[in-house]
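For reference, the structure discussed in these notes is given below.
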Amino acid sequence: NNTASIEVLTGSNYKKWKQDIEFAMGIADIDLAMIWDRPANITDTSSIAEREHYAKWERSNRLCLMAMKRSISEHLLGGLPETNDAREFFAAVGERYQVSSNAKAESLMSELTGLRYDGLRGVREHILRMVHLQSKLRARDIPLPDSYIVSHALNSLPISFSQIKTAYNTHSESWSINDLITKCVAEEEKNRKEKSDTALFVSHPKHKSGNGSPNLILLESFRLRRMVIITVRLIM
């Protein structure tokens, strides 16, 4: 006998459950009731072919309903309409979770468009978070091109990445997401090095200042090659 597993519907996996039901009923050759409407009731004048078709549909309807209800979490069944028609029941489940899917997609899109680089995580993780949301939206039949992710990721970066933004806007060739990650990580490392180079550390032997007033220490920033005067109160 041909068999196929059906993933239990828990709410968020409707698309997979739907595919499993359609495949399982089809491979078992009991999907007639999922495809055709209920036939007319049998009468004394019904032909043999009509009687056979009705019997086959009734069996298909009963087994399909049983398979669907057994593969839906018990706490979800209560919210579904009561019907003895497999095709109607299948459609009702779809309508229920289409609404849920739309709400989830809206939430994912809102999260994606609201992402801004906060510096707490690396820029690589920031961009990959966008790619992850892009994949989730694609699974809900909302495909976003990589070019959108590249553009949105750049717009979400602070002014310290302005050179990368300028390079993107002034070059005609498109960037892949991997290109973007490589360039942004390099720029991030460059920014970190520049911050390290410009950090001014002042050390001075401990001694008491004659009058306790601040002492002026002249320091040179080697990166900027300019003189910076910093007022430092010596440690008593």
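When residues in segment 65-87 are screened for being of a type in the set (D, E) and exposed (fewer than 15 other Cβ atoms within 10 Å of the Cβ), 2 of them pass.
Each row is one residue, and each column tells you yes or no for (1) touching a Ser or Thr at 6+ places or on another chain (Cβ under 7 Å); (2) assigned by TED's automatic domain parsing to the domain that holds D85; (3) among the aromatic types (F, W, Y); (4) farther than 30 Å from N102 by Cα.
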site	(1), (2), (3), (4)
V8	yes, no, no, no
Q19	no, yes, no, no
G26	no, yes, no, no
I30	yes, yes, no, yes
P39	no, yes, no, yes
S46	no, yes, no, yes
H53	no, yes, no, yes
K56	no, yes, no, yes
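Right, A91: under 30 Å from M66 (Cβ atoms) and outside any loop (DSSP other than H, G, I, E, B) or not? Show your work before the answer.
Working: under 30 Å from M66 (Cβ atoms): yes; outside any loop (DSSP other than H, G, I, E, B): yes.
Yes; evaluated as a whole, the condition is true for this residue.
Contact map, segment 76-94: residues that are closer than 12 Å to I21 by Cβ paired with residues that are polar (S, T, N, Q), Cβ distance under 7 Å, separation 6+ or inter-chain. Pairs shown: A86/N61; F89/T83. For segment 168-178, a tally of residues being under 18 Å from R124 (Cβ atoms) and free of Cβ contacts under 8 Å to residues at least 12 places away in the same chain returns 1. So, of the residues in segment 24-64 that are surrounded by 13 or more Cβ atoms within 10 Å (Cβ to Cβ), of a type outside the set (A, V, I, L, M, F, W, C) and part of a loop (DSSP other than H, G, I, E, B), which turns out to be nearest to the chain's Cα centre (by Cα)? Step by step, filter segment 24-64, then rank; the result is D31.
When you check S12 against the structure, is it loosely packed, with under 13 Cβ neighbours inside 10 Å, under 22 Å from D141 (Cα atoms) and out of contact with any strand residue (DSSP E or B) (no Cβ under 9 Å at 6 or more places or on another chain), yes or no? Here the answer is yes, as S12 does meet what is asked.
Annotation: E111 fulfils all but one of (1) assigned to a loop (DSSP other than H, G, I, E, B); (2) touching a helix residue (DSSP H, G or I) at 6+ places or on another chain (Cβ under 7 Å); (3) surrounded by fewer than 16 Cβ atoms within 10 Å (Cβ to Cβ); the unmet one is (1).
Quick check on this structure: which one of K183, K165, K195, K136 is assigned to a helix (DSSP H, G or I), free of Cβ contacts under 8 Å to residues at least 60 places away in the same chain and out of contact with any helix residue (DSSP H, G or I) (no Cβ under 7 Å at 6 or more places or on another chain)? Walk me through it before giving the result.
Values: K183 fails: out of contact with any helix residue (DSSP H, G or I) (no Cβ under 7 Å at 6 or more places or on another chain); K165 fails: out of contact with any helix residue (DSSP H, G or I) (no Cβ under 7 Å at 6 or more places or on another chain); K136 fails: out of contact with any helix residue (DSSP H, G or I) (no Cβ under 7 Å at 6 or more places or on another chain).
So the residue among K183, K165, K195, K136 that is assigned to a helix (DSSP H, G or I), free of Cβ contacts under 8 Å to residues at least 60 places away in the same chain and out of contact with any helix residue (DSSP H, G or I) (no Cβ under 7 Å at 6 or more places or on another chain) is K195.
The values are calculated or read from the model by the stated rules, or taken from the named source; none is laboratory data. The structure presented is a predicted model; accordingly, all values stated were derived computationally and were not measured. Note that we place each Cβ from the backbone using ideal geometry, even for glycine, and neighbour counts take in every protein chain shown.
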